[in-house]
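So the structure is just underneath, and the comments pick up after that.
The values are calculated or read from the model by the stated rules, or taken from the named source; none is laboratory data. The structure presented is a predicted model; accordingly, all values stated were derived computationally and were not measured. Cβ placement follows ideal geometry from the backbone for every residue including glycine, while neighbour counts extend to all protein chains displayed.
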Amino acid sequence: MWRYQKGQLLPERFPLPQEATLLLAVNGEPWTALSYTPGEELLLALGHLYLSGAIRDLAGVSWQVGEGVVNVNLPQRPAQGVGMRDSGCAAGLRFSEAPLHPLPQVPLDPSLPPRLLTELRQRARAYAETRGIHGAALFDLKGHLLYLNEDIGRHNAMDRLMGYMLLEGVKPPVLLAVTGRVSREMAAKAIAMGAVLLASRTGATAPAVELAQTYGLALAAYVRPESYRLYAPGGVLLPARG
């Protein structure tokens, strides 16, 4: 590789994000194919199925993990058909979504969004090396980091958070921080996970803000060390009045 700088092309070594295809099967039959960053395939598979509305818990669920494939055995195969999803910006939910319910009103410190994003960026090793990757992190209500992952797809990163919650028995409400744009699908995933706060380093779309306001998700975007834009307070992220 080369870097163009001050009128010159200079040789340079620069690591690239890894990309592979994961086949997700349900009861031995293809369900979907995901373009993803290799690693923690089971978390991705379980989280994707949960946030697609295919499973509600792990009761009666088993799995086999192989190279480039995860087969999840369910008591009953969901009705949705086979689909394809890639790592692009439009790679949302192609079938249905997990059912959404109003979120609880939980008092939160207004300083939380910068703290969460700072923690995410400090621990995002792949981003520091490649820059071409998304990060997502799961926190408890006090802002303690529970789990962090990075993926070429921002939807994949969120799915892994849900998979972690399922396998580790983490119960909502929780807090989330992401590096990517908050689309309607990303907001829906956060609500389905029981997150009362979603903080993003970038912006949010109008449908995402509308969904956040409807279900009580506190949505903070363009989060910087000392500032952010509060698109939806969720009734919980406003400073107390003296």
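Tabulated data
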quantity	calculated
Within the range 197-215, tally of residues that are buried (at least 24 other Cβ atoms within 10 Å of the Cβ) and in contact with a strand residue (DSSP E or B) (Cβ under 6 Å, 6 or more places away or on another chain)	7
Candidates Ala187, Ala199, Ala177, Ala192 - the one that is of a type outside the set (Val, Ile, Thr), touching a residue at least 24 places away in the same chain (Cβ under 8 Å) and over 17 Å from His134 (Cβ atoms)	Ala192
Evaluation of Leu141 against (1) assigned to a loop (DSSP other than H, G, I, E, B); (2) out of contact with any Pro (no Cβ under 8 Å at 6 or more places or on another chain); (3) closer than 19 Å to Val106 by Cβ (one fails), failing number	(2)
Boolean, Leu103 is touching a Gly at 6+ places or on another chain (Cβ under 6 Å), over 24 Å from Ala208 (Cα atoms) and modelled with pLDDT of 95 or more	no
First in the range 2-17 and assigned by TED's automatic domain parsing to the domain that holds Arg154 and of a type outside the set (Lys, Arg), second anywhere and at pLDDT 85 or above and in a strand (DSSP E or B), Cβ under 7 Å, 6 or more apart	none
Filtered residue count, the range 40-53, keeping only those that are surrounded by fewer than 22 Cβ atoms within 10 Å (Cβ to Cβ) and at pLDDT below 95	1
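Residues checked against (1) within 15 Å of the chain's Cα centre (by Cα); (2) in the same structural domain as Ala199 (by TED's automatic domain parsing):
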{"site": "His101", "(1), (2)": "no, no"}
{"site": "Pro107", "(1), (2)": "no, no"}
{"site": "Leu120", "(1), (2)": "yes, yes"}
{"site": "Ala126", "(1), (2)": "no, yes"}
{"site": "Arg131", "(1), (2)": "no, yes"}
{"site": "Leu138", "(1), (2)": "yes, yes"}
{"site": "Gly143", "(1), (2)": "no, yes"}
{"site": "Ile152", "(1), (2)": "yes, yes"}
{"site": "His155", "(1), (2)": "yes, yes"}
